[in-house]
Structure formats: structure tokens, C-alpha cells
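**Q** One structure, as C-alpha cells, below. Some questions next.
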Amino acid sequence: MIEDWQYGGPQEECGVFGIFAPGRDVARLTFFGLYALQHRGQESAGIATSDGNVTYLHKGMGLVSQVFNETNLKPLEGYLAIGHNRYSTTGASHLRNASPYLIETVHGPLGVAHNGNLTNALELRQELLERGVGLASTTDSEVITQMLASKADSWAEGHPAHLDNWERRLWSMMHVAEGAYSLIVLTRNAIYAMRDSLGLRPLCIGELNGGGYVVASESCALMTIGAEFVREVEPGEIVRINASGLRSTQAATANKRALCIFEYVYFARPDSMFEGQTIHDVRQRMGRQLGLEAPADADIVIPVPDSAFPAAIGYSDMTGIPFSEGLTKNRYIGRTFIQPDDELRRSSVRLKYNPLTANLEGKRVVLVDDSIVRGNTAGPIVQLLRDGGAAEVHVRVSSPPVRHPCFMGIDMATYSQLVAAKYDIEGIRSRIGADSLAYLSLPGMESAVRETLNGTRPHGHCTACFSGEYPLNVPNWLFEEDRARLFISVAQA
Ligand code: 5GP
Ligand code: MG
């Protein structure tokens, strides 16, 4: 049995934040930025700052509000900062895997906040170990940190001449690292933001009233601290923010874009914006499309709170079946995924929701959820609705069946975890005890996501978890169920 402390990665979906704002309390603003990005990771939180001379770091396990208080925020001085929320992977979690990483290098301090997952982490790890670099965790964020600490051109040569020392390192890393990475880097007097060439994970730029810039995984974090949305960091772009302002370098270009479509389906906050469209609107369109594709003979439409609200509204809109609420959610319980094993995940549904009996009694109910992944949530909820008096429960899912693992950052990394990889739709329906079950089609989902883009710029999304079409080369070892052991044997070699 591999102990979790040995195996922190690779799958990591996270929230990242960075700020350059002389004269402002950057640690406090980073705190509020991370607070807005809390949904992207509840396992650990951390902030690193620099005052141009000294760097400061505080990180810990738990929610942003549990990790930080007035006492530990105060010493985080400076005019630039980065922050990180780490997503729970299965099993226990450990401080050694918490971010940001902050180390000392020949070119001064280096802090790294990373969202994503490298698909060639194993080779890069091996290469670092062969170079004599010691690693303290199994996260690919540490691999990235150590790669950026290496001599500037030691990973790839041929960078444009105008790049500074850190841009050269980022450029060089970008030319060997494969997979998903939205990175925010802190140095003594600048922050850098970079996005992988496919744009798998989101990252955007904001401007502060009165001067200064912000970079964040999602635009909701900009709004929270009163920053104006400027634009997204482009796939393959390196952005430097320092005293002379913002400078952009297009370090790599891919022939396609592949923003994770699951960000639209579930992960991102509804008030955030990607590719010029609000997540809420996209989810509502998914619900409308679902209503078109899979109507039901029913009295009310209810969402699984909170993430399926927009889709249920769209479904109700399209079908004319009245929207209602049938479940009350305890807002003080984290996402069910943060529970360490399947057993706890199953019972936690009962901790999380109660049926609203008055609305359900004798009703034929359409229950809309945004996704079925492991299949642990839907069954107990259907049962809850029946216990609450529902006469029939028809489950409608506003995304297609998740049949393939994700190696680009979402926590669904093996076939064996995925209920739709093991059962067909009728099999899933009978397992969750629904009267009927239907999913949104893949083209239906894609049309909901793309509706407003009008083909004005190259676009495309990663749909691998639904379609099995990976936008990049996936090495065989990643498909192995017990691949964690590969990291251990490398670590012991
Ligand atoms: P499952 O089918 O895995 O038991 O749970 C699906 C439910 O979990 C859906 O209601 C969906 O909103 C939510 N969900 C889907 N993907 C994720 C994820 O990656 N993380 C978390 N925390 N919840 C998820
Ligand atoms: Mg949900």
C-alpha cells in the first residue's frame, strides 16, 4: 500500500492568484482573491510575498479562512504576492504538498503557484533526479519549481533575445513540459504568469484601480477585489509584471486550443467568464439543450444544489416544466469530493442535503445535475427525493457520460473510478434507482459552449473525459491504475 504522503500528485486542480501593486496590502488582497477561488481547492492554501528584498510565506492545510488570520497575514509584507488553493486528491493530505513553493535560487527567490498537471512529469522528475536535484514531495509543482531554478537554457535553447533571466527559464520550461499548466511565479521584484500552449487551464489578467495588476485562475477573483478584467492570458504566452508595467511574450503556439470543457460544466464559478462568455450562461444553454434532447413527462424541475442551478433553469425554460427547489443544502459542508474514500462520499450526501418535502409530495420530479462522475452522489439523492415524497424521479445530466480519465488536472484519473466507464446508461439508471436517466449529447454540450464565439478566433476545447480524444500525447504509464508506484520507484532509484 502506497502511503499518501509519498504520493501527492499528479492530479491537481487548483486556484492560483498573483498581484503586483505597490502601495497596496497585497497579502490581504491575495487572501480575498483566494477566498473567491476557494471552490477550486479546499485542501490547502498559501500566500508568498516579496518586498523587493525579502520574501515571506505562510501556508497551511484547510480552507483559506482556516489557514489565514490577522496575525499570520500581517508579517506578509511587500508589493507583490502570489497565492494558491490546492485541490483535494483522494486520501489524506499533507503540508509537504501545499503550495506555493518558495525556494532560494542563484537568481534570488522563486515562488511558484501552479494549476494543472504535467503529462510528462515522470520523465522530468527522472531528469531532475539525475541532475542531482533532491525532491521533497511527489507533486509536479515541485518539479516545475526545480526546473525553473535550473540554469536558464538547460532545458531548451533558442529563446528570443529580449527575454530576461526568468522569462528565459519559463520559455525553456514551456518547450519541454507537456500537459496542463497555468503558472504564476513570484521573484524578488516581478510576477510572471504563463499558460500552456493548449490553454488547458484558465488564467486571466485584471487591472487595479489606481495602478497594479492581478492574475487569477478565474475572473470572479478580480471582481472580488475590485479589479477590472483586462483579458485572458493567451495559451503559450508569458506575461511579466514589474515596475515598468506588463510585458507579453508569445513563447509557443499550438495549432489548436483546448480549454477544459469540464471547467464550463462544473468546475468554474458561475459568475466567472471564459472566452467572452459567462459560465452561468453557458450552463443555462446546456440545460436548454438538454431539455430539447431529453424532455420528460413531469411536474417540476429541480437542481442538485448549487452547481446545477443554471442548467435546471435552462431545462425548465426549454420544456416549460416549472422550476422548483427540492433539496436544501447545508452550506457549511465542503464538496463531497473532499472526503477521503467512497464510503464517506456516499454517507456525506445525507449530511449535505435534506429533501424539501412540501415541494416534492406526490410530484413527478426531473432532477438536473451537471455531471455524474463516480456515481456516488446521484443514487442517494434519488432516494432522498423518494423519501421526501416524490412520486417519480427522472435524472437529467447537463453533460455527457464521463467515460475517460483526466490527466490534465481534474481529479478523475482512472477508469475504475468512473461509473460510465463500467456501466451503460441503463446500468447506471438502475444503480441510482431513477425512473429514467438521460445525458446531454457531446455535440449538444459543444454547441452550448461555443454559441457566442461566432468563429471569430481559433477555439476548441478539451473534451477528453467525455470523448476519449486527448488533445496531447498521453504516455501509456498514465493509463495504469497503480501508476503511483512509478513515482515511488523513481524516488527510490
Ligand atoms: P459523483 O457522480 O462523482 O458521485 O458526483 C457527481 C457530483 O459531484 C455532481 O453533482 C457534480 O456537481 C460534482 N462534481 C463533479 N465533478 C467534480 C469534481 O471534480 N470535484 C468535486 N468536488 N465535485 C465534482
Ligand atoms: Mg453537484
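The values are calculated or read from the model by the stated rules, or taken from the named source; none is laboratory data. Everything quoted here is computed from the prediction, not taken from an experiment. Positions of Cβ are backbone-derived with ideal geometry, glycine not excepted, and every protein chain shown enters the neighbour counts.
**Q** In the set Val402, Val373, Val395, which member is among the hydrophobic types (A, V, I, L, M, F, W, C) and outside any loop (DSSP other than H, G, I, E, B)?
**A** Step by step, each of Val402, Val373, Val395 is checked, and only Val395 is among the hydrophobic types (A, V, I, L, M, F, W, C) and outside any loop (DSSP other than H, G, I, E, B).
**Q** Show the residue pairs that are 6+ apart or on different chains and have beta-carbon atoms under 7 Å apart, the first residue being within the stretch 368-381 and in the same structural domain as Arg403 (by TED's automatic domain parsing) and farther than 16 Å from Met286 by Cβ, the second being within 9 Å of ligand 2 (Cβ to nearest atom) and assigned to a loop (DSSP other than H, G, I, E, B).
**A** Sorted first by the residue in the stretch 368-381, then by its partner, the pairs are Ile381/Val304.
**Q** Tell me, which residue of the stretch 354-368 that is surrounded by fewer than 24 Cβ atoms within 10 Å (Cβ to Cβ) and assigned to a strand (DSSP E or B) is nearest to the chain's Cα centre (by Cα)?
**A** Among those that are surrounded by fewer than 24 Cβ atoms within 10 Å (Cβ to Cβ) and assigned to a strand (DSSP E or B), it is Asn354.
**Q** With the requirement that a residue be within 16 Å of ligand 2 (Cβ to nearest atom) and within 24 Å of Pro401 (Cα to Cα), what does the stretch 353-372 give you?
**A** Tyr353, Val366, Leu367, Val368, Asp369, Asp370, Ser371, Ile372
**Q** Hey, another quick one. I'd like the full set of residues that are aromatic (Phe, Trp, Tyr) and either out of contact with any helix residue (DSSP H, G or I) (no Cβ under 9 Å at 6 or more places or on another chain) or farther than 23 Å from His461 by Cβ (or both), limited to the stretch 282-326.
**A** Phe323
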